[in-house]
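Q: Have a look at this one.
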């Protein structure tokens, strides 16, 4: 590709600036024409973060698609970083001398370099909008904040507004997706999970992978998934982008960011139950989801109610947890590291996954099965597994602050039987700077596989019947202690208590880049 070099003074709303596009076309540079001018006239915009270039001017967001046609002016739309991981659309207008064709030349050169440096940018997207999920504003959010940005960037978006559960799943499994570069979920975590499950299953079906084999190596889908947050918690978006802002997520999609993500597969007796990317929980969180489902009429407030009730119930459950520790000793759940954009731990893990031979990875779980299985038996208030921090606005650090997005591991958190006060202390530490694992009744491990077995011994049925009889006799007021809880998988309950969980490294890719490292203020 021939090198393009432009360097000339142009007029901006802040004054005349010497604008240059150095060889390689990686940056658009601007310096004040006169050294005694204020420094805020200067700029350095990475071409990879330029959304679009238009001939003419656009003085406001509403006029983006109806810019004034002025052959002597052009507008550069780029990513502007705001407070708290948020991105916005910045605009910079340039005016060239009326006697030249500089504006046209600049637009042509910039568009050429955007295309050259933006090979991962999507050109066609399949967008699923859940109009009733979460805040019930998904369609409005998409039409007012996202669609104009996609149009500005020249992205063709085919929109499917879902009318019933599993409509997105059926569409992905049955329709031809060859013309698309990615899928976009507009809604909450439930909408994303439906899209993710369908895409993974479609990929395995096309490859003839067997569902009934926990040892099978799953193939990564070709398509990336974008998340436009419009739900109640939007945990996956928050943990991979750092904010639940629709415009920020749309801009990550437009510039073609790609973030690999580990996925857990959950099995019972050789049967695949679900996939999970955030929380798989038994005990407390299972009880919370179970209680909240019975109070859906309360809306989002049901989660607060269910959480309070589960805390006061203070139920613990017997069980046996078996797990295989992660092979790497370089990281652990309490090493105070944070997974950020360009994370070296995740990068090394992805490199090892890609560089390893097919034979090495084909039966990785089988080889791990020969490794030592650690076993913990006891009465647990909560058994939690997460392969990301599972951070959200109410818990900015998340369930496991040091968890990584794509290192092929998950963090197993065991909360043993304790008092209501002690458990509240553990929960409260999720919202402040204290270490939620630095408690005598909490243990945490970095693992690759987990097995859980509930206590179905000789006296199990008798004890279960006794608990049910007590509940009936008391009319539900003084309920007997149930012997088992239920598993919740990313907000959905499972029908089985005895399960096996396996971590698949970097199985899917999102239109994201991880949370960016904030510059030091010292």
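Q: I'm checking my understanding of the structure. Among residues of segment 422-435 that are at pLDDT below 95 and touching a strand residue (DSSP E or B) at 6+ places or on another chain (Cβ under 7 Å), which one is surrounded by the fewest Cβ atoms within 10 Å (Cβ to Cβ)?
A: Filtering first and then ranking leaves 431.
Q: Taking segment 389-407, which residues are crowded, with 24+ Cβ neighbours inside 10 Å and farther than 27 Å from residue 315 by Cβ?
A: Hits for segment 389-407 are 404, 405, 406, 407.
Q: Follow-up question, since we're still on this one. What residue, of 122, 148, is in contact with a helix residue (DSSP H, G or I) (Cβ under 8 Å, 6 or more places away or on another chain), at pLDDT 95 or above and in a loop (DSSP other than H, G, I, E, B)?
A: Result: 122 is the single residue among 122, 148 that is in contact with a helix residue (DSSP H, G or I) (Cβ under 8 Å, 6 or more places away or on another chain), at pLDDT 95 or above and in a loop (DSSP other than H, G, I, E, B).
Q: Determine whether segment 190-201 contains at least one residue that is more than 17 Å from the chain's Cα centre (by Cα) and over 20 Å from residue 147 (Cα atoms).
A: Among the residues of segment 190-201, at least one is more than 17 Å from the chain's Cα centre (by Cα) and over 20 Å from residue 147 (Cα atoms), which makes the answer yes.
Q: So, one more: Is it true that some residue in segment 444-454 is touching a helix residue (DSSP H, G or I) at 6+ places or on another chain (Cβ under 9 Å), assigned by the TED database to the domain that holds residue 325 and under 27 Å from residue 340 (Cβ atoms)?
A: Checking segment 444-454: at least one residue is touching a helix residue (DSSP H, G or I) at 6+ places or on another chain (Cβ under 9 Å), assigned by the TED database to the domain that holds residue 325 and under 27 Å from residue 340 (Cβ atoms).
Q: Could you tell me which of the residues 99, 95, 75 is at pLDDT below 80 and not assigned by the TED database to the domain that holds residue 238?
A: Just a single option satisfies the conditions, and that option is 99.
Q: So which of 133, 90 is in a loop (DSSP other than H, G, I, E, B) and touching a strand residue (DSSP E or B) at 6+ places or on another chain (Cβ under 9 Å)?
A: Residue meeting the stated conditions: 133.
Q: Would you point out which residue out of 4, 12 is touching a strand residue (DSSP E or B) at 6+ places or on another chain (Cβ under 8 Å), at pLDDT 85 or above and surrounded by 15 or more Cβ atoms within 10 Å (Cβ to Cβ)?
A: Answer to the check: 12.
Q: For residues that are over 24 Å from residue 488 (Cα atoms) and modelled with pLDDT of 95 or more, scanning just segment 205-225, find the one that is farthest from the chain's Cα centre (by Cα).
A: Top of the filtered list is 219.
Q: Give just the number: which of (1) over 30 Å from residue 178 (Cβ atoms); (2) at pLDDT 95 or above; (3) outside the structural domain of residue 190 (by the TED database) does residue 114 not satisfy?
A: (1)
Q: Just to check your reading of the model, which residue among 231, 182 is in contact with a strand residue (DSSP E or B) (Cβ under 9 Å, 6 or more places away or on another chain), at pLDDT below 95 and outside the structural domain of residue 267 (by the TED database)?
A: Selected residue: 231, the only one of 231, 182 that is in contact with a strand residue (DSSP E or B) (Cβ under 9 Å, 6 or more places away or on another chain), at pLDDT below 95 and outside the structural domain of residue 267 (by the TED database).
Q: Sort out which residues of segment 200-236 are in contact with a helix residue (DSSP H, G or I) (Cβ under 6 Å, 6 or more places away or on another chain) and assigned to a helix (DSSP H, G or I), and write them in order of number.
A: Result: 202, 235, 236.
Q: May I pose another question? Any idea how many residues of segment 293-329 are over 20 Å from residue 386 (Cα atoms), under 25 Å from the mean Cα position of the chain (by Cα) and touching a residue at least 40 places away in the same chain (Cβ under 8 Å)?
A: The qualifying residues number 2.
Q: For segment 32-57, which positions are part of a strand (DSSP E or B) and modelled with pLDDT of 90 or more?
A: Residues satisfying the conditions are 43, 44, 45, 46, 50, 51, 52, 53, 54, 55.
Q: Within segment 86-118, how many residues turn out to be free of Cβ contacts under 8 Å to residues at least 12 places away in the same chain and closer than 16 Å to residue 51 by Cβ?
A: Within segment 86-118, residues that are free of Cβ contacts under 8 Å to residues at least 12 places away in the same chain and closer than 16 Å to residue 51 by Cβ number 1.
Q: Next question. Looking only at segment 160-168, decide whether some residue is closer than 30 Å to residue 6 by Cα, within 25 Å of the chain's Cα centre (by Cα) and surrounded by 15 or more Cβ atoms within 10 Å (Cβ to Cβ).
A: No: zero hits.
Q: Within the set of pairs 6 or more residues apart or between chains, which connect a residue that is under 21 Å from residue 221 (Cα atoms) inside segment 157-176 to a residue that is in a loop (DSSP other than H, G, I, E, B) and modelled with pLDDT of 95 or more with Cβ atoms less than 7 Å apart?
A: Listed pairs, sorted by first residue: 168/162.
The values are calculated or read from the model by the stated rules, or taken from the named source; none is laboratory data. These numbers come from a predicted model, not from an experiment. Every residue, glycine among them, receives a Cβ derived from its backbone with ideal geometry; neighbour counts consider all protein chains shown.
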